[in-house]
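**Q** If you scroll down you'll find the structure; I have some questions about it.
Every number here is computed from the coordinates shown, using simple stated rules; none is lab data. Worth saying up front: this structure is predicted, and the values here are computed from it rather than measured. Here the Cβ positions follow ideal geometry from the backbone for every residue, glycine too, while neighbour counts run over all protein chains shown.
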Amino acid sequence: MSEASPLLSMENLAKWFPVRGGFFGREKLHVKAVDGVTLSIRRGETFGIVGESGCGKTTLGRTLMRLTEASGGHILFEGADITGLRGRRLKPFRRKMQMVFQDPYASLDPRQNIRSALTEPMMLHHVVSSKSLANSFAAELIEKVGLNPDHLSRFPHEFSGGQRQRVAIAAALAVKPIFVVLDEPTSSLDVSVQAQILRLLKNLQNELGLTYILISHNLAVVRQTCDRTAVMYLGRVMEVAETHRIFENPKHPYTKALLSAVPIPDPTKRKSLHVLEGDVPKPTAIPEGCRFRTRCEFATAKCGSDFPPLVEIEPRHFVECHYDIDFIGKERRELSPAQFQGASTLPPGHV
Amino acid sequence: MSTTKGEILRVSNLRVSFNTYAGEVKALDGVELSVKKGEVLGLVGESGCGKSVTALAVAGLLPPNAIVLNGSVQLDGKEVLGMSKKDLQTIRLEEVAMVFQDPMTFLNPVLSVGSQITEIISTRPELFTSRLINHRIGEIERGGAKSGPMEEEWARLQTALQRGKLSKKDFDRLAKEYTISVLASVNLPEPDKVFRMYPFELSGGMRQRAMIAMALVRRPKLILADEITTALDVTVQAQVLKLLRDLKTEIDASIVLITHDLAVIAELCDRVAVMYAGNVVELADVGELFSNPLHPYTKGLLASVPRVDVPSASPDAGIAGSVPDLIRPPSGCRFHPRCPKAFDKCPQVKPPFIEVAPGHFVACLLYGGVP
Amino acid sequence: MTQQDRRDEEMHGRRADFRYALHLMRGNKLVLVGLVISVGTLLLTGLSHLLVNPALANQQPLALRLCWNNPLINWGISNVKTCPTSYPLGTDAFGRNLLQMIILAIPVDLQIAFEVVASAVVIGVFFGGLAAYAGGIVDEVILRITDVFLAIPAILLAIVLIVVLGRSLPTLTLAIIVTWWPYYVRLMRSQVITEKEKPYVERLRAMGASSPRILYIHIVRNSIYPILIQATLDIGSVILTVSALTFIGLTPSPLLPELGNLASQGIANIFTAPWLILFPGLTILLISLGFNLLGDGIRDIFDPRLRR
């Protein structure tokens, strides 16, 4: 694969939310929702971000979309730093990057009919030059997502969840973006509808040359749709690689724990369900050193004292861990510094 | 139709409608279901299929605008439909326990977890007295303290057991200890601390386990678990699933596990009932259902479920169309508008629920029932 | 798509809302009463100049003042003056036909009420929405200004304003507007605060829509109902306020046909001409009640629907 420049990249991206803590409200704690994420997304790929609740994946999506200000780090879109851009300077980028949200029941203005929901973004970004062209493009879009142009005069509450999600996808495509963040696009939908929507997204990607980030807690969906996957925990990426490597040969203990916890719809493949003990630490009090060590069965003293390095443990397969772990034999092997990728991925504020 | 020997629950031809301003929602259209003693039955279906409504009907918790058109719900030989309020309360206390999806809404936020459970025990002291005493006696005996410091207590409890009465002080103390032991049995760490905690202090998984404890305290014969893992993270869900699997062997209650997640069904259940738009369309042993699904809906559903151990989706994934409007449901077989195998009789005749192979039931005209 | 299907689809659309509203209204008798009174009042307003010559308000046939000639009601007072002809509601202190004066007064009061309420809604929507959406210092400033106005007793403020600005219908209206807007700012602000957290707002931001657009086109459209309901309820309250102010003498002219004005004449003559305070007072009561019931009913209709 040629190393073309990435479409979107983020460097040590962070989003911290201040929380008033302490007795006099002076001691400022922070919810470190995103705590230093460095990734690059290639043109045309579907990049998956998985993790459980509180891992920061949704906040990451919102920060990338500039719906919220980053607390640190950079976002580069087609090489341009968009981290600090606002208003008019940001608008051209808004056209190129769009988002589809999780809840189809709430992501459309209930008092706006579908035609208006589709033509509004077109007019806003001057995608078309006249209202009539906007209307015909809207009709084209609505058919592309599998709905009938008759539906354009209707309102969101007249549609089912799956149909509303199709409308939301059409609305995102109305500005002819090149990049779409899909935040749990099928989590609120029935399984039979989910498959339809995922297939639609795939077809649209092929037809329009889109690049996707798919954010999901559903590992099976990510497995079946994404080219590369990153696993997040407590605000950082623990492991990132091509999807089949992550699922067939995970190297981070958290990834391994996640995969062993996912049940399989096949009664002949019942699992021993190796249970990950303990609870997720509070994002205001992230453990020192490796943040996963409080629940990791392979943790050592080093994991508490030293921040784990980023290691390319095999070609294009990165892990943030001190050790190379053999899950079957339950052995850990120290990694040589030659494999380290350097300290640039330390979380912000880390000494 | 009454429960046969070995069955704890039998639902026959249950038809329930809801009166809403928009019209009559025909939620259940002749549901047929049975649960054997000690088994875990999975009740699976997508939105609007009626699985929660069925559970509510069994627990006698249907809302006021529900009308039971006909059918019967036999719980261990007793007919639940039409029972008096008082009898229903007794049933819910002794025989059927329901665990819901969102513990945050179903637990009282201003009471500690422990007090909510002891409240259950205190509602009917006569029901629990002997159980509490026996539990404590068992504890003492296991501690090998039958003679020694506990001897006095042991003797006192024995007399109380014979008289069938406990002093209030003893009752409260034993209730608390029993509750703590139940909290421990659901794998809650530091159960005595959890006893004093409030729901908001617990994590999602712990709250769900507390709700399960609340159900177990009553030693019900049947537990209805409605989407209890749906709102949980994968690792927390695994904890709860493991708990349920362990409990399966320890308690002799039957469980009806209601969920839309076929993977959870595959992990835990002995038999599975698939529901669509108010009907049970297929019922079989779990292995049989997954390896040999008969109903087109079941087949479509199984093809649509993404699997973490398979790199890409099946080309058959997805079922065209969407769940029907239950105010004006399709005629005949409610699935026919979406069914790839539908033929001319399907809109005309409602398929009967028939046994096609031993223990394998289907409601589909492809397998019989065409007049 | 069959006919049945089309009807089904319609059921879920706007028409269903209207049908549902009617259905609920049928069940709630008081709302119907309110509706009847409000509609009746509005009709009367429209027809008032056709029914009664406005010039009659300026006449002062003093010879006929404070007389009563309606056989249906006997006041039981000894010295009631009898009018030569039959006046259904007697005459006022200037000798004018009270019934005619009341018919002329209703539009005056209603016009002020609608102007006040409409202005309050506009101000409330603009500033309340701005405060909630912008947040930060803008919110603080607007809130504090609102607080100041809320802290000052309304009637007092109105009185001071009228005294300072002079007595006329416009100043009367303005004085009430000044005391009325703060509540609407608060109300709109709380609505927008909830609404702006909703996912569709995020989607609009991601789309690149500007803040004013999101706020004043999308959010307002979704949060205006409670404001409109409050406005309907307030029509009655404003009429009461206007009447109170004119009652204590802050009227542009004693001859102005206005319900409070008419009632104030009645106080001085309460023992000799009780109809003069009774009928204007009853009219105030009825109109307030009518709009109140209507507003209540609309609120009841919208509330359960939101819970649907």
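**Q** Name the long-range amide H neighbours of A:MET99: under 5 Å, sequence gap of 5 or more, or other chain; modelled H, no Pro or chain starts.
**A** Excluding prolines and chain starts, which carry no amide H, the hits are A:VAL181.
**Q** With each pseudo-label sitting 7 Å past Cα toward Cβ, what's the A:ALA301-C:ILE77 distance in nm, one decimal?
**A** 10.3 nm
**Q** Just to verify a number: FRET efficiency for B:PHE106 and A:THR294, C-beta to C-beta distance, R0 = 30 Å, to 0.05?
**A** On the way: r = 30 Å, r/R0 = 1.00.
Once rounded, the FRET efficiency stands at 0.50.
**Q** Which of the listed residues, A:SER129, A:ILE142, A:MET97, is farthest toward the dipole's positive end in the stretch A:76-184, when Lys, Arg count +1 and Asp, Glu count -1 at the beta-carbon?
**A** A:SER129
**Q** Using bins 20 angstrom wide from zero, how does P(r) for chain A break down, in % of all Cα pairs?
**A** 28, 55, 17, 0
**Q** Charges only on Cβ, +1 for Lys and Arg, -1 for Asp and Glu: so what's the dipole of chain B about the Cα centre, in debye to the nearest 20?
**A** Values: 42 positive and 42 negative charges, 153 e Å.
Rounded to the nearest 20 debye, it is 740 debye.
**Q** Something else now. Taking every eigenvalue of the Cα gyration tensor of the stretch A:132-199, multiplying by 5 and rooting it, what semi-axes result, largest first, whole Å? Provide the component values of the computation, followed by the final result.
**A** On the way: eigenvalues 83, 47, 18 Å².
Taking √(5λ) for each Cα gyration eigenvalue gives 20, 15, 9 Å.
**Q** What percent does the relative contact order of the stretch A:169-253 come to when contacts are Cα pairs within less than 8 Å and at least six residues apart?
**A** Working: 71 pairs, mean separation 19.3, N = 85.
Computed over the stretch A:169-253, the figure is 23 percent.
**Q** Under the rule a/c < 1.5 gives rounded, and otherwise a/b versus b/c splits prolate from oblate, where does the protein assembly as shown land using the Cα gyration tensor? Before the final figure, lay out the partial values.
**A** On the way: a/c = 1.85, a/b = 1.52, b/c = 1.22.
Since a/c reaches 1.5 and a/b is larger than b/c, the shape of the protein assembly as shown is classed as prolate.
**Q** Could you work out the helix-only [θ] at 222 nm for the protein assembly as shown, with each DSSP H run of four or more residues adding -39,500 (n - 2.57) and the total divided by the number of residues, to the nearest 500 deg cm²/dmol?
**A** Values: 35 runs with 455 residues, N = 1030.
Only helices count here, giving -14000 deg cm²/dmol.
**Q** Need one number: nm distance between label points at A:ASP150 and B:GLU119, each 7 Å from Cα along Cα→Cβ, rounded to one decimal.
**A** Placing both labels 7 Å beyond Cα along the Cβ direction yields 5.2 nm.
**Q** Here's a follow-up. Starting from the alpha-carbon convex hull of the stretch C:86-213, give the projected area averaged over all orientations, in nm². Before the final figure, lay out each step's value.
**A** Working: hull surface 45.7 nm².
Its average projected convex-hull area is 11.4 nm².
**Q** Also, I was wondering about something else. Based on Cβ point charges of +1 for Lys and Arg and -1 for Asp and Glu, what charge dipole magnitude is obtained for chain C about its Cα centre, in debye rounded to the nearest 20?
**A** Numbers: 24 positive and 19 negative charges, 81 e Å.
Here chain C has a charge dipole of around 400 debye.
**Q** Pull up all non-local amide H partners of A:ILE49: gap of 5 or more, or a different chain, and H-to-H distance under 5 Å with H placed in the peptide plane.
**A** Sorted by chain and number, the residues that satisfy this are A:LEU214, A:ILE215, A:SER216, A:ALA230.
**Q** Over chain A, what is the relative contact order in percent, taking alpha-carbon pairs closer than 8 angstrom and at least six residues apart?
**A** Value for chain A: 20 percent.
**Q** Round to a whole angstrom and tell me the spacing of the C-alpha centers of the stretch C:162-179 and the stretch B:337-371.
**A** Between the Cα centres of the stretch C:162-179 and the stretch B:337-371 lies a distance of 78 Å.
**Q** Work out from phi, with θ = phi - 60° and the Karplus expression 6.51 cos²θ - 1.76 cosθ + 1.60, the ³J(HN,Hα) of each residue of the stretch B:350-362, listed in order in whole Hz, and give x for Gly and Pro.
**A** 7, x, x, 8, 10, 8, 8, 9, x, x, 10, 10, 9
**Q** Something else now. Would you mind working out the magnitude of the charge dipole of chain A relative to its Cα centre, with +1 at each Lys and Arg C-beta and -1 at each Asp and Glu C-beta, to the nearest 20 Debye?
**A** Values: 45 positive and 37 negative charges, 178 e Å.
In total the dipole reaches around 860 debye.
**Q** Applying 1/(1 + (r/R0)^6) with R0 = 30 Å to the Cβ-Cβ distance of B:LYS299 and A:HIS274, what FRET efficiency is obtained, to the nearest 0.05? Intermediate results must be reported in sequence, preceding the final value.
**A** Details: r = 32 Å, r/R0 = 1.06.
After rounding, the FRET efficiency stands at 0.40.
**Q** Let me ask you something else. Please list the equivalent ellipsoid semi-axes of the stretch A:205-263, computed as the square roots of five times the alpha-carbon gyration tensor eigenvalues, in descending order and whole angstrom. Walk me through the intermediate numbers first.
**A** On the way: eigenvalues 93, 30, 23 Å².
Over the Cα atoms of the stretch A:205-263, the semi-axes work out to 22, 12, 11 Å.
**Q** For the stretch C:141-158, just list the computed ³J(HN,Hα) in residue order, Karplus coefficients 6.51, -1.76 and 1.60, θ = phi - 60°, integers in Hz, with x standing in for Gly and Pro.
**A** Here the 3J(HN,Hα) series is 4, 4, 4, 5, 4, 4, 4, 4, 5, 5, 6, 7, x, 4, 4, 4, 4, 4 Hz.
**Q** Next question, about the same structure. For the stretch C:129-138, in order, what is each residue's ³J(HN,Hα) by Karplus, 6.51 cos²θ - 1.76 cosθ + 1.60 with θ = phi - 60°, in whole Hz (x at glycine and Pro)?
**A** Listing the rounded values in order: x, 4, 4, 6, 6, 6, x, x, 6, 4 Hz.
**Q** Please grab the % of Cα pairs in the stretch B:274-369 that end up more than 15 Å from each other. Don't jump to the answer; show the numbers that get you there.
**A** On the way: 2826 of 4560 pairs.
Value for the stretch B:274-369: 62 percent of Cα pairs lie more than 15 Å apart.
**Q** So how compact is the stretch C:153-283: Cα radius of gyration and Dmax in angstrom?
**A** Over the stretch C:153-283's Cα set, Rg and Dmax evaluate to 21.0, 72 Å.
**Q** Please grab the % of Cα pairs in the stretch C:179-246 that end up more than 14 Å from each other.
**A** On the way: 1477 of 2278 pairs.
Within the stretch C:179-246, distances greater than 14 Å cover 65 percent of Cα pairs.
**Q** On the first, second and third principal axes, largest extent first, how far apart are the outermost C-alpha atoms of the stretch A:31-186 in Å?
**A** That works out to 47, 34, 28 Å along the principal axes.
**Q** Here is a further query. Quick one: work out the % antiparallel among DSSP beta bridges in the protein assembly as shown, nearest 5. Don't skip to the answer; put the middle values down first.
**A** Numbers: 67 of 105 bridges.
Percent antiparallel among DSSP bridges in the protein assembly as shown is about 65.
**Q** I need the peptides B:231-238, B:248-255, A:207-214 ranked by packing, meaning the mean over residues of other C-beta atoms within 10 angstrom, with the highest value on top. Let's see the in-between values first.
**A** On the way: B:231-238: 22.5, B:248-255: 16.5, A:207-214: 18.8.
Packing order, densest peptide first, comes out as B:231-238, A:207-214, B:248-255.
**Q** Take each of the peptides B:114-122, C:264-272, C:90-98, average the number of other beta-carbon atoms within 10 Å over its residues, and list them starting from the highest. Please list the in-between numbers first.
**A** Numbers: B:114-122: 19.6, C:264-272: 15.4, C:90-98: 23.2.
Descending packing order for the listed peptides: C:90-98, B:114-122, C:264-272.
**Q** While we're on this one: With the dipole of the protein assembly as shown worked out from charges on the C-beta (+1 for Lys and Arg, -1 for Asp and Glu) around the Cα centre, which of C:GLY236, C:HIS218, A:SER40 lies farthest toward the positive end?
**A** The Cα lying farthest towards the positive end belongs to C:GLY236.
**Q** Positive end of the dipole of the protein assembly as shown, charges at C-beta (+1 Lys, Arg; -1 Asp, Glu), about the Cα centre: which of C:VAL33, A:GLY304, C:VAL141 has its Cα farthest in that direction?
**A** About the Cα centre, the residue reaching furthest to the positive side is C:VAL33.
**Q** Return the whole-Å distance between the Cα centroid of the stretch B:42-112 and the Cα centroid of the stretch C:234-261.
**A** Spelled out, the Cα-based centre of one part sits 60 Å from the other.
**Q** Under a crude label model (7 Å from the Cα following the beta-carbon direction), how far is C:GLN59 from B:ARG328 in nanometres?
**A** 6.3 nm
**Q** Name the long-range amide H neighbours of B:MET275: under 5 Å, sequence gap of 5 or more, or other chain; modelled H, no Pro or chain starts.
**A** Answer set, sorted by chain and number: B:VAL44, B:GLY45, B:VAL281.
**Q** State whether the stretch B:23-98 is rounded, prolate or oblate according to the following rule on the C-alpha gyration tensor (a ≥ b ≥ c being the square roots of its eigenvalues): a/c under 1.5 gives rounded; otherwise a/b larger than b/c gives prolate, and the remaining case gives oblate. List each step's numbers first, then the result.
**A** Values: a/c = 1.78, a/b = 1.15, b/c = 1.55.
Oblate.
**Q** Binning every alpha carbon pair distance of the stretch A:237-292 at 10 Å from zero, what are the percents per bin?
**A** Per 10 Å bin, starting at zero, the Cα-Cα P(r) for the stretch A:237-292 comes out as 19, 42, 31, 7, 0 percent.
**Q** Right, something else. Fewest to most neighbouring Cβ within 10 Å: what's the order for C:SER288, B:SER312?
**A** Fewest to most other Cβ atoms nearby, the residues stand as B:SER312, C:SER288.
**Q** I'd like the projected area of chain C, averaged over all directions, using the convex hull of its alpha carbons. Report it in nm² with one decimal. Working shown, then result.
**A** Values: hull surface 87.6 nm².
If you wrap the Cα atoms of chain C in a convex hull and average its projections, you get 21.9 nm².
**Q** Further question: First measure r as the distance between the Cβ atoms of B:ARG15 and B:LEU88, then evaluate 1/(1 + (r/R0)^6) with R0 = 22 Å and state the FRET efficiency to the nearest 0.05.
**A** On the way: r = 20 Å, r/R0 = 0.90.
About 0.65, to the nearest 0.05.
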